[in-house]
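Written below as C-alpha cells is the structure these notes are about.
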Amino acid sequence: MAFPSYKEIEIPLLLNIYNRGGEVSSSSCYEPLGREFGLTDEEMSILLPDDSNRPQWNNMVQWARKKLVDYKYLHNAKESGLGIWKLTHEGIKKAESLSTKLDIDYPDDVPETFYEGAVKQIKVNKYERSKTARDKCIDHYGCQCSVCNMDFEKTYGETGKDYIHVHHITPLSEIGERYKLDPVNDLRPVCPNCNAMIHRQKPSLTIEELKVLMTKAQKENESAQSKLTQ
C-alpha cells in the first residue's frame, strides 16, 4: 500500500505520544504508527534511495514530528533531550480536544502480561471496555487523580464518567522501547493538569513530589488569604 502523507501522520503521532503519558522515546513511535496505517514489516523497512541505512517510514514520521515542533505541540530536542519526544502544554491541550472526538488507540494486551511498544493495536472508544494495561490500572486505582484526587464524574457528571489520564511512573524514554509492564506498579491515574505539571521539568517530578508542592502552594495561598481578611 502507499504511504500516508506527512500531514496524515501528524495527528496520529500527537495522539500516540499523548496516550502514552506525553513523553516517549522517538524510536518507540515508528512501528505502532506504521501498524495504525496498515503498513507491513516489509513496507516499514523500505530504505531511502539515498541512504542505505535509513527507512523511508522513519523519515516520514520524523518529518511529521518536525511539523509538530513547528506548531509548538512538541518540545524541540534542546528542550526535551535527544531522542525524546515530549508534548508541550499546547500539545497536551490539542490532544485533549482531539481525544474527545476521535477513537483512541491503546496497546493490545497479552493475557496478564503487557508490553509497552507492542506492535498490535486495537481501536477503543469511550463507550467500549478492553482489558488493556490502562484498564487494569484504572480497575485497581479508580478514576480519581493520584495527585489532587480530581474526580471528573463528580465534577462534570455523566460527561466525565470514566475519564482520566494514565501516568507512567518511569518514562518510556528511560526504560526502552519494549519492557514488561505491570499495570498496578508502573501506572497511576492522573488528571491532565497534574500530568502536565509532572512533566513540566526534567527529570519529571514524582507523584509524591508534586503532592508536596501542591500542599505547600495551598498553605501559602491560605496564609495570604488570611492576611487579607485581618
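Condition test on residue 84, is it of a type in the set (Val, Ile, Thr), under 13 Å from the mean Cα position of the chain (by Cα) and over 18 Å from residue 165 (Cβ atoms)? In short, yes. Among the residues of the range 55-88, those identified as surrounded by 14 or more Cβ atoms within 10 Å (Cβ to Cβ) and closer than 17 Å to residue 197 by Cα are 73, 74, 75, 80, 85, 86, 87, 88.
Only the coordinates and a few stated rules stand behind these numbers; no lab work does. In this text, all values refer to a predicted model and were calculated from it rather than measured experimentally. Every residue, glycine among them, receives a Cβ derived from its backbone with ideal geometry; neighbour counts consider all protein chains shown.
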